[in-house]
Every structure is written in C-alpha cells, then in structure tokens.
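Peer 1: Shown below is the structure under consideration.
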Amino acid sequence: MKRHLIAATLFLLPFGVFSATGASAEVNLNIGINLPAAGVMVSSSPDVVVISGTYVYFVPDAEEDLFFYHGYWYRPHKSRWYRSTDYNRGWVLISIDKIPSPVRGIPPGFRSVPPGHENIPYGQLKKNWKSWEKERRWEKASEAREHHDGHGDRGHKKHKKGHGRGED
C-alpha cells in the first residue's frame, strides 16, 4: 500500500495536486480538437471535373465542396479549410496561407461545367494529374474545342453553300 502511495505521489507531484495540508486532490484534463465530420459523403472513388482555366478538380456529386490540386484534397468546412492525401479520411486543419492560390481563387460559378468537359474517374486523376499539368492538357483541350467549334461552323456553312450551287 505504501509503495502505491509513493508511486501516486511521484506521478501527481509535477501536476501540483497535493497540498501541504493533505487535502483531497482533483485532476481534470480536457482536450478539444475541432475536426470536420468524419469523411466526406462520397460513396466510392469519386469522378472529378477540372475547373475551367485551372488544374483544380472538383467532385460534382459530393454534398460538400471537395477539390483536388497537386496531389492533395481540399475542403472548406464551417469557415475553416482542411487538407488530406485521401478524399475520404485523414483531414487536417490548415491555415488559409497553406491553401494554394488556385484553390483559393476558384470562381464562384465553378459548378457550371461548360459543354465538352468530361467526368474523370478517380483512378485516372490519381495516375495522370502530374503529366496532364506538365503537358498542358486542359489548355490544349480548350483550344481544340474553340478551334473545332469555330472551324466547324465556317466549314459547315461553306460546304452547304458550295454543295447547294454545284460549286466545289
């Protein structure tokens, strides 16, 4: 019994819980960690869509905003930002200065996906995001769509005009 009392005294002494009068002591320890709700409401590996003019991707089917950029997932939650290497776990609170400027600068209407943008399966994103950025894939795709749309209309009109009059 005496040995247990000595051990307890040595353990609690640094906490200052004993007084010279031997009054009863109480120790309260409270730790609060503000974490976002467990995971993101995405049932399986999410498809993503690139946000026009950026290399930031978002999950169109998620209940909350969920972004992918340079190998990390980002999400705002209750006026705070979180980052993770996985879309559904491991979220860590980050300060505003740790959010990359392309993610901070996402335009308000980013959910309005222009025609021609494709849903990208998660596996393709995970495997290819670096090479897509290095090769400027989305700029080239945008330029190709613009060129095709503009050239396709003019070419179609000329063809109809020439064909209708027997001209080549």
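What follows draws every value from the coordinates through simple rules; no lab data is involved. For clarity, every value in this text was computed on a predicted model and none was experimentally measured. FYI the Cβ positions are ideal-geometry reconstructions off the backbone, even for glycines, and counts take in every protein chain you see.
Peer 1: Hey, got the dipole for the range 40-135? About the Cα centre, +1 on K and R Cβ, -1 on D and E Cβ, debye to the nearest 20?
Peer 2: Charge dipole, the range 40-135, about its Cα centre: 360 debye, nearest 20.
Peer 1: May I pose another question? Relative to the present Cα-Cα distance, how much length would full extension add between Arg111 and Leu93 at 0.36 nm per residue of separation?
Peer 2: Numbers: separation 18, 0.36 × 18 = 6.48 nm, distance 2.43 nm.
Extra length available between Arg111 and Leu93 comes to 4.1 nm.
Peer 1: Here's a follow-up. Please work out whether the range 37-107 counts as rounded, prolate or oblate from its C-alpha gyration tensor, where a ≥ b ≥ c are the square roots of the eigenvalues and a/c under 1.5 means rounded, while otherwise a/b larger than b/c means prolate and anything else oblate?
Peer 2: Taking the square roots of the gyration eigenvalues as a ≥ b ≥ c, the range 37-107 is oblate.
Peer 1: Which of Ile51, Ile106 has the fewest other C-beta atoms within 10 Å, and how do the rest follow up to the most?
Peer 2: By the 10 Å Cβ count, ascending: Ile106, Ile51.
Peer 1: Could you tally up the Lys pairs in the range 40-135 with alpha carbons closer than 24 Å? Skip any pair fewer than 8 positions apart unless they're on separate chains.
Peer 2: 5
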